[in-house]
Amino acid sequence: KNMGLGWNLGNTLDANNQKYLDPSQANYWGQQGLESESCWGQQPTKADLLRMMKDAGFGAIRVPVTWYNHMDQDGNVDAAWMNRVHEIVDYVISQGLYCIINVHHDTGADGNGWGSWLKADASNYTANKARYEKLWQQIANEFRYYDHHLLFEAYNEMLDAKSSWNFAQSSTAY
């Protein structure tokens, strides 16, 4: 009720373009800098855009964020990337809007040689629990002084080890 109509700031902080595609390899991590915000054709986000969304009647903005291309193998987020995420969150909050940030394309379907590092899978959980917790600790620390206008979405579209939405109903067994 308080949030009202929402809008998604897509193809910006969630954009990614990797050369190395295997999350088990060190070269998969931290491959991009701030230029990733425009690697899918969008212009870098400006405060005016969020002002326009407020003027158009929106009450909430979802800011999807992909992190793996901006963190090292141990889960340390690049400071410049965290600062950019923070800057855009501030654009939203300064307009009196609700803001939702998440872990976005860190999950997803594997294919064409690409692999996502987060899966709804017991072995993946064991391998990535510490890195995932460290990521969210950094996010929580960065935004620790924000109020209820900033919300967190733990992850986006979590798939299982077979890149399935519905393993429980899948006809393919492990």
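The values are calculated or read from the model by the stated rules, or taken from the named source; none is laboratory data. Keep in mind the model is a prediction, meaning the values are calculated, not measured. Every residue, glycine among them, receives a Cβ derived from its backbone with ideal geometry; neighbour counts consider all protein chains shown. Note: areas computed on protein heavy atoms with side chains; ligands, DNA, RNA excluded. Shrake-Rupley method; radii C 1.70, N 1.55, O 1.52, S 1.80 Å.
What the table shows:
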read-out	value
Surface accessible to a 1.4 Å probe, per residue, for the residues of the chain, Å²	53
Ranked by how many other beta carbons lie within 10 Å on average, peptides 101-113, 44-56 from highest	101-113, 44-56
At 1.002 mPa s and 20 °C, Stokes diffusion of the range 30-70 via Kirkwood alpha-carbon radius, µm² per second	179
Equivalent ellipsoid dimensions for the range 102-145 as semi-axes, Å, which come from the Cα gyration tensor, largest first	23, 13, 7
Lysine pairs in the range 15-166 with Cα atoms under 26 Å, if 8 or more residues apart or on separate chains	10
The chain: calculated mean residue ellipticity at 222 nm from DSSP helix runs of at least 4, using -39500 (n - 2.57)	-8500 deg cm²/dmol
Equivalent ellipsoid dimensions for the range 1-100 as semi-axes, Å, which come from the Cα gyration tensor, largest first	28, 13, 11
The range 34-59 residues near the modelled LEU21 label - backbone nitrogen below 15 Å, point 7 Å along Cα→Cβ	none
Of all DSSP beta bridges in the chain, antiparallel share, percent nearest 5	15
The range 33-101 versus the range 121-162: alpha-carbon centroid distance in Å	17
For GLY30, residues with placed amide H under 5 Å, excluding near neighbours	ASN69, HIS70, MET71
Dipole in debye (nearest 20) - the chain, about Cα centre, beta carbon charges: Lys, Arg +1; Asp, Glu -1	280
For the chain, diffusion coefficient by Stokes-Einstein and Kirkwood Rh (Cα), 10 °C, 1.306 mPa s, µm²/s	93
